[in-house]
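The values are calculated or read from the model by the stated rules, or taken from the named source; none is laboratory data. Note that the structure is a prediction, hence the values are computed from the model and not measured. Every residue, glycine among them, receives a Cβ derived from its backbone with ideal geometry; neighbour counts consider all protein chains shown. Each accessible area value is taken on the protein alone, full model and side chains, heavy atoms only, with ligands, DNA and RNA left out. Shrake-Rupley method; radii C 1.70, N 1.55, O 1.52, S 1.80 Å.
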Amino acid sequence: MNDELTIINQLETLRIVVKELINFYQQPTDFNKKVYTHWSAKDVLGHVTFWHESFARNLLDLAEGRKPNPLKGKLSEVNNLSVSTTKENTIQELLDRLEAAQNIINKHILNDAIIEIPYKKGSRNYTRLEHLGVVEGHLKKHLKDLKKACQTQ
């Protein structure tokens, strides 16, 4: 019971961060501003959406009794793929996809039949609690960088 409560609390923290991210992208800002050397604010949204969908897809596969097919390749290659495959999407499309992925996570993360969730081929699996924590930390880091890069001068 204690583990489930901890997962519920971590899920709520992740929900809050996802909502903050969505709110950030709903404000009037130039999302073409560079956040990192090669990535704009829009690219960052594509990146986090891509990874959030991967988490949701792997979780859904496990919940529905399928073998997950996690992302494969070097982290740098997968990160480049995360941006290149989402380039043509609008901000709203990416926000809708991010929210849909979060809804899948909300629905299935408390399934205690799921012990470990794959992250990426060649990487270790994570417990539900660990995975929630990794994703939350990832989103918080990008949100902090986005706010810093896009703040009005």
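Couple of notes before you dig in:
- Residue check for N80: open to solvent by 50 Å² or more (accessible area, probe 1.4 Å), without any contact (Cβ under 8 Å) to a residue 40 or more places away in the chain and not in a helix (DSSP H, G or I): no
- Members of the stretch 11-30 that are open to solvent by less than 40 Å² (accessible area, probe 1.4 Å), at pLDDT 95 or above and out of contact with any Asp or Glu (no Cβ under 7 Å at 6 or more places or on another chain): L11, V18, L21, F24, Y25
- The residues of the stretch 105-134 that are touching a Lys or Arg at 6+ places or on another chain (Cβ under 8 Å) and either in a helix (DSSP H, G or I) or closer than 20 Å to S82 by Cβ (or both), listed by number, are N106, I117, K120, K121, G122.
- Screening the stretch 120-134 for residues that are under 12 Å from the mean Cα position of the chain (by Cα) and in contact (Cβ under 8 Å) with a residue 60 or more places away in the chain and picking the one that is most open to solvent (accessible area, probe 1.4 Å) gives G133.
- When each of A63, A113 is tested for being over 12 Å from the mean Cα position of the chain (by Cα), modelled with pLDDT under 95 and open to solvent by 30 Å² or more (accessible area, probe 1.4 Å), the lone residue that passes is A113.
- Filter result for L45 (buried (at least 19 other Cβ atoms within 10 Å of the Cβ) and either within 18 Å of the chain's Cα centre (by Cα) or outside any helix (DSSP H, G or I) (or both)): yes
- In this structure, G137 does not satisfy being without any contact (Cβ under 8 Å) to a residue 60 or more places away in the chain, surrounded by fewer than 19 Cβ atoms within 10 Å (Cβ to Cβ) and assigned to a loop (DSSP other than H, G, I, E, B).
- Odd one out for Q92, checked against (1) under 17 Å from D61 (Cβ atoms); (2) in a helix (DSSP H, G or I); (3) open to solvent by 70 Å² or more (accessible area, probe 1.4 Å): (1)
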